[in-house]
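Please read through the structure below; I'll follow up with questions.
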Amino acid sequence: MTEEPTIESVLRVHPLAEVSSVINDATQLEIAIADLAQGTGYLAVDAERASGYKYSQRAYLLQLYRSNSAIHLIDPIGLDISKLVEFMNPIPWILHAATQDLPCLNEIGLHPRKLFDTELAAKILGLPKVGLATLTETLLNISLAKEHSAVDWSIRPLQQSWLTYAALDVELLPELHQVLSKMLLASNRDDWAEQEFEHLKQFRPKPPNPEAWRKTSGMHELINKRQKAIIKELWQLRDAIAQDLDIAPGKLLNDRVLIAIAKNPPKAAADLSLMHGIAKKPIDDYRDQLFARLNVALTLPDDQLPISVRKDSPVPHPRTWPEVKPEAAKRWNLIRTIANQAATDVGVSPEVLISPEILKQFAWHGLTNYSKALIEARLLDLGCRPWQITWSSNLEPVLSEMKSN
């Protein structure tokens, strides 16, 4: 039996569609909207942020494309996009990894009536790799270079090579949409996808975590609560300064510096400016505040030092459950085993079948009675979509037996 020949992917370095120059005035925007209105099908949408450079997650560039239109690159900073909002919101969009872009798009008034997420579609199909470049290569035999994915998109003017990369990010989305839609239909998962896409429209990022300071890189090196108090005080001040200046916190004062200060607190404010990893110019303006917060941590009474385990967490980490709530630990192990097997049976990752956070909530709180109807109602209440609870009938006998014992 002869093997089918391998089809080599073609590297696309320039879009085949026409690409607009960067649109930054009302007249250019009206022309772009008129062109997109003449296009057909879903609107391919992407946005570029300055993650890693800016504190905010605002959109610094919008890329829009429809079949039979040009690719339009729009600079939304300082531009009245109300007419664009009127055009975009009623029509269906295609995005890739929508949860990354929807917050910054929502921030400027853009909310899709209907959407298709190519990354999520690939996950529902059980594809092993779901990055945009991988999907275009495996499904369209077109490879894309990703060398500009982490640049500072707030810089003006934007470099031409960056704009080419940005245009390529949306050009292939309509083709991917067609291919993935056919695959979903052929596998009878089109309804699953529709439920997920409808749910995705309501996505909102989690509110700021007041305990985020605990995730400072290097926290495992600290040996006492006093050092953790220093991290907490300096992290909170750094975050406030970074937000005020709209600069990424790590660019202002990186985590390694915070850890170094906690381990060996400087004796004077001037010593802060001598430390490697501090952005001298902005930090010099806030040096006295930093030193004052350092002294707050150093003089904090012992009973006010940060606790090692967060008591305010409504659902603690499952590793603590055997000690604090043994019955929840048993439920967690049972439910997770059944959910993982159900995911394997349908060929998707467990987190696609059901959110780990929902599993934790269900296992931690439990139910007074484990009837099929009550289990399904609770899972829906926690945020599951209907397709995600079809496997939950397997929970009823094992959880009922566990409760009776």
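The values are calculated or read from the model by the stated rules, or taken from the named source; none is laboratory data. Bear in mind the structure is a predicted one, so any value in this text is a computation, not a measurement. Don't worry about glycine lacking a Cβ; one is built from the backbone with ideal geometry, like all the others, and counts go over all protein chains shown.
Can you list the helices (runs of 4 or more DSSP H) lying wholly within the stretch 222-306 that have 2 or more residues being free of Cβ contacts under 8 Å to residues at least 12 places away in the same chain?
Because the criterion is at least 2 residues that are free of Cβ contacts under 8 Å to residues at least 12 places away in the same chain, the helices (runs of 4 or more DSSP H) in the stretch 222-306 that meet it are 225-245, 280-299.
Got a sec? Which of 144, 180 is over 19 Å from the mean Cα position of the chain (by Cα) and under 20 Å from residue 92 (Cβ atoms)?
Answer to the check: 180.
Could you pull out every one of the helices (runs of 4 or more DSSP H) wholly within the stretch 323-381 that has 2 or more residues that are at pLDDT 95 or above, within 21 Å of residue 402 (Cβ to Cβ) and of a type outside the set (D, E, K, R)?
326-346, 356-365
What helices (runs of 4 or more DSSP H) completely inside the stretch 148-205 contain at least 1 residues that are touching a Pro at 6+ places or on another chain (Cβ under 9 Å)?
Output list reads 160-171, 190-200.
Residue-wise test of (1) loosely packed, with under 13 Cβ neighbours inside 10 Å; (2) touching a residue at least 40 places away in the same chain (Cβ under 8 Å); (3) not in a strand (DSSP E or B).
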| residue | (1), (2), (3) |
| --- | --- |
| 29 | no, yes, yes |
| 58 | no, yes, yes |
| 76 | no, no, yes |
| 86 | yes, no, yes |
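Report yes if some residue within the stretch 310-328 is in contact with a Ser or Thr (Cβ under 8 Å, 6 or more places away or on another chain) and buried (at least 16 other Cβ atoms within 10 Å of the Cβ); otherwise report no.
No, the stretch 310-328 contains no residue that is in contact with a Ser or Thr (Cβ under 8 Å, 6 or more places away or on another chain) and buried (at least 16 other Cβ atoms within 10 Å of the Cβ).
Could we say that residue 266 is surrounded by fewer than 17 Cβ atoms within 10 Å (Cβ to Cβ) and not assigned by TED's automatic domain parsing to the domain that holds residue 55 here? Give the steps one after another, and end with the answer.
Numbers: surrounded by fewer than 17 Cβ atoms within 10 Å (Cβ to Cβ): yes; not assigned by TED's automatic domain parsing to the domain that holds residue 55: yes.
Against the criterion (surrounded by fewer than 17 Cβ atoms within 10 Å (Cβ to Cβ) and not assigned by TED's automatic domain parsing to the domain that holds residue 55), residue 266 qualifies.
Residue 123 passes all but one of (1) out of contact with any Asp or Glu (no Cβ under 9 Å at 6 or more places or on another chain); (2) surrounded by fewer than 22 Cβ atoms within 10 Å (Cβ to Cβ); which number fails?
Tallying (1) out of contact with any Asp or Glu (no Cβ under 9 Å at 6 or more places or on another chain); (2) surrounded by fewer than 22 Cβ atoms within 10 Å (Cβ to Cβ), residue 123 fails exactly one: (1).
Only residues that are assigned to a helix (DSSP H, G or I) and small (Gly, Ala, Ser): list them for the stretch 307-322, please.
The answer is none; no residue qualifies.
Starting from residues that are under 17 Å from the mean Cα position of the chain (by Cα) and of a type in the set (A, V, I, L, M), keep the ones in the stretch 101-112 and report whichever is surrounded by the fewest Cβ atoms within 10 Å (Cβ to Cβ).
This residue is 105.
Quick one: count up the residues across the stretch 100-134 that are of a type in the set (Ser, Thr, Tyr) and farther than 26 Å from residue 22 by Cβ.
Count: 1.
Go through the residues of the stretch 31-50 one by one and say whether even a single one is assigned to a loop (DSSP other than H, G, I, E, B) and under 20 Å from residue 150 (Cβ atoms).
yes
Being over 18 Å from residue 63 (Cβ atoms), more than 25 Å from the chain's Cα centre (by Cα) and free of Cβ contacts under 8 Å to residues at least 40 places away in the same chain, is that true of even one residue in the stretch 155-175?
Within the stretch 155-175, not a single residue is over 18 Å from residue 63 (Cβ atoms), more than 25 Å from the chain's Cα centre (by Cα) and free of Cβ contacts under 8 Å to residues at least 40 places away in the same chain.
Within the stretch 88-100, which residues are surrounded by 15 or more Cβ atoms within 10 Å (Cβ to Cβ) and closer than 12 Å to residue 46 by Cα?
Result: 93, 94, 95, 96, 97, 98, 100.
For the condition over 24 Å from the mean Cα position of the chain (by Cα) and either surrounded by 16 or more Cβ atoms within 10 Å (Cβ to Cβ) or among the basic types (Lys, Arg) (or both), what is the one hit in 223, 241, 231?
Selected residue: 231, the only one of 223, 241, 231 that is over 24 Å from the mean Cα position of the chain (by Cα) and either surrounded by 16 or more Cβ atoms within 10 Å (Cβ to Cβ) or among the basic types (Lys, Arg) (or both).
Moving to a separate point now. From the list 115, 144, pick out the single residue that is at pLDDT below 95 and surrounded by 14 or more Cβ atoms within 10 Å (Cβ to Cβ). Walk me through it before giving the result.
Values: 115 fails: at pLDDT below 95.
Sole residue among the options that is at pLDDT below 95 and surrounded by 14 or more Cβ atoms within 10 Å (Cβ to Cβ): 144.
On to the next question. Any idea which residue in the stretch 375-388 is farthest from residue 188 (Cα to Cα), counting only those that are free of Cβ contacts under 8 Å to residues at least 24 places away in the same chain and touching a helix residue (DSSP H, G or I) at 6+ places or on another chain (Cβ under 9 Å)?
378
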